[in-house]
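Working notes, beginning with the structure itself.
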Ligand SMILES: C[S@@+](CC[C@H](N)C(=O)[O-])C[C@H]1O[C@@H](n2cnc3c(N)ncnc32)[C@H](O)[C@@H]1O
């Protein structure tokens with residue numbers, strides 16, 4: 001059990017380091033995350049750990065304990081259909097370099113789904129020369145490590161792939177070292193070399209990107225963790241990095257809020273930038 005004061009300290013530190021807003025209905029979750037933090041830091045005195053975080057120690061471990069990393073391959077599959085069938089074709093028609101930004105990449109299933117979609121589109125539309133790149137970021141160093149390794153359990157993920165993707169084209173498969181009958185898959189180098197994983201906090205004052213740097217921005221299932229005021233600030237920063245005519249993909253319960261007059265809606269949480277903010 002944690003005292004109200006300890007829960008409050010954890011809430012304040014979570015907001016300070018990640019922007020994640022934990023309401024008063026989240027006390028049970030905070031307690032579970034503090035349990036995890038104690039295990040990860042390797043001792044039991046939560047006050048001492050919170051003191052250390054306040055002094056700037058164990059911050060990455062703290063942030064990892066408080067992020068929710070749920071994701072899967074081809075989550076909200078219609079976004080990948082849109083990327084392949086509309087955005088890709090427009091990119092081919094336009095030519096030049098094509099840059100994609102995935103802003104809350106978690107363990108990597110989302111960025112690898114983007115890459116598979118792009119590779120499949122190249123194959124289907126016979127445009128092998130499209131010069132594209134993907135930057136994938138997250139605040140959580142643990143998930144970025146997982147994403148960079150690119151290793152996933154196959155049985156858990158097998159149903160996530162749409163029928164227009166052949167996983168064997170993109171992943172090597174090997175038996176699970178400890179579970180008979182299960183498999184691990186690893187992204188092939190041809191896929192993995194297309195993505196760069198970096199740490200970036202969406203709450204950062206300055207984003208290390210140029211205005212209109214990206215053709216596509218994925219910002220899915222992360223805004224929900226922030227207050228509406230912070231969501232607007234983040235959306236505007238992301239919007240500045242998106243080209244006019246570029247596409248913003250948001251998660252199923254997220255909206256462009258104050259950017260609404262500057263975008264055209266193309267489908268379920270698919271927004272095209274039509275005006276500068
Ligand atoms: C629920 S996952 C969503 C992953 C993926 N976008 C998807 O839709 O499946 C949310 C991710 O946002 C990340 N996140 C939370 N706060 C963040 C912040 N301030 N800056 C960047 N990423 C953050 C978490 O670490 C987590 O990996």
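The values are calculated or read from the model by the stated rules, or taken from the named source; none is laboratory data. Everything quoted here is computed from the prediction, not taken from an experiment. Glycine also receives a Cβ, built like all others from the backbone with ideal geometry; neighbour counts cover every protein chain displayed.
Give me the pairs: first residue in the stretch 59-88 and touching a residue at least 40 places away in the same chain (Cβ under 8 Å) and at positive phi, second residue part of a helix (DSSP H, G or I) and more than 10 Å from the ligand (Cβ to nearest atom), beta-carbon distance under 8 Å, and six or more apart or on different chains, which are they?
Partner pairs satisfying both residue conditions: 74/80; 74/160.
From the list 183, 225, 207, which residue is surrounded by 15 or more Cβ atoms within 10 Å (Cβ to Cβ) and modelled with pLDDT under 95? Working first, answer last.
Working: 225 fails: modelled with pLDDT under 95; 207 fails: modelled with pLDDT under 95.
Of the residues listed, the single one that is surrounded by 15 or more Cβ atoms within 10 Å (Cβ to Cβ) and modelled with pLDDT under 95 is 183.
Given the conditions (1) in a helix (DSSP H, G or I); (2) at pLDDT below 95, report the number of the one that residue 60 does not fulfil.
Failed condition: (2).
What number of residues within the stretch 1-23 satisfy the criterion of being assigned to a helix (DSSP H, G or I) and closer than 22 Å to residue 222 by Cβ?
Taking the stretch 1-23 first, the residues assigned to a helix (DSSP H, G or I) are 4-18.
Checking the rest, the ones that are also closer than 22 Å to residue 222 by Cβ come to 10-18.
Selection size over the stretch 1-23: 9.
With over 30 Å from residue 16 (Cβ atoms) and without any contact (Cβ under 8 Å) to a residue 24 or more places away in the chain as the only criterion, which of 180, 205, 212 stands out?
Result: 180 is the single residue among 180, 205, 212 that is over 30 Å from residue 16 (Cβ atoms) and without any contact (Cβ under 8 Å) to a residue 24 or more places away in the chain.
Inside the stretch 198-216, can you point out the residues that are within 12 Å of the ligand (Cβ to nearest atom) and not in a loop (DSSP other than H, G, I, E, B)?
In the first step, residues of the stretch 198-216 are kept if they are within 12 Å of the ligand (Cβ to nearest atom); the result is 198-204, 207.
Result: 198, 199.
As an exercise: evaluate residue 134 against (1) out of contact with any strand residue (DSSP E or B) (no Cβ under 7 Å at 6 or more places or on another chain); (2) within 15 Å of the ligand (Cβ to nearest atom); (3) within 27 Å of residue 89 (Cβ to Cβ) and give the number of the one condition it does not meet.
Condition (1) is where residue 134 drops out.
Answer with yes or no whether residue 115 is within 14 Å of the ligand (Cβ to nearest atom), modelled with pLDDT of 95 or more and within 19 Å of the chain's Cα centre (by Cα). Don't jump to the end; show me each part of the working.
Numbers: within 14 Å of the ligand (Cβ to nearest atom): no; modelled with pLDDT of 95 or more: yes; within 19 Å of the chain's Cα centre (by Cα): yes.
Against the criterion (within 14 Å of the ligand (Cβ to nearest atom), modelled with pLDDT of 95 or more and within 19 Å of the chain's Cα centre (by Cα)), residue 115 does not qualify.
Within the stretch 138-149, does at least one residue satisfy the condition of being over 23 Å from residue 163 (Cβ atoms) and in a strand (DSSP E or B)?
Keep residues of the stretch 138-149 that are over 23 Å from residue 163 (Cβ atoms), which gives 138-149.
Those left that are additionally in a strand (DSSP E or B): 138.
Yes.
Enumerate the pairs (first residue in the stretch 217-239 and away from the ligand (no atom under 11 Å from the Cβ); second residue anywhere and modelled with pLDDT under 95 and assigned to a loop (DSSP other than H, G, I, E, B)) with beta-carbon separation below 9 Å, excluding pairs fewer than 6 apart on the same chain, so at least 6 apart or on different chains.
Hits for this filter: 236/277; 239/276; 239/277.
Please go through the stretch 19-30 and give me each residue that is at negative phi and in contact with a helix residue (DSSP H, G or I) (Cβ under 7 Å, 6 or more places away or on another chain), ordered by number. Give the steps one after another, and end with the answer.
The first filter runs over the stretch 19-30 and keeps only residues at negative phi, leaving 20-30.
Within the stretch 19-30, 20, 21, 22, 27, 30 qualify.
Report yes if residue 158 is more than 16 Å from the ligand (Cβ to nearest atom) and part of a helix (DSSP H, G or I), otherwise no. Full working, then the answer.
Values: more than 16 Å from the ligand (Cβ to nearest atom): yes; part of a helix (DSSP H, G or I): yes.
Answer is yes for this residue.
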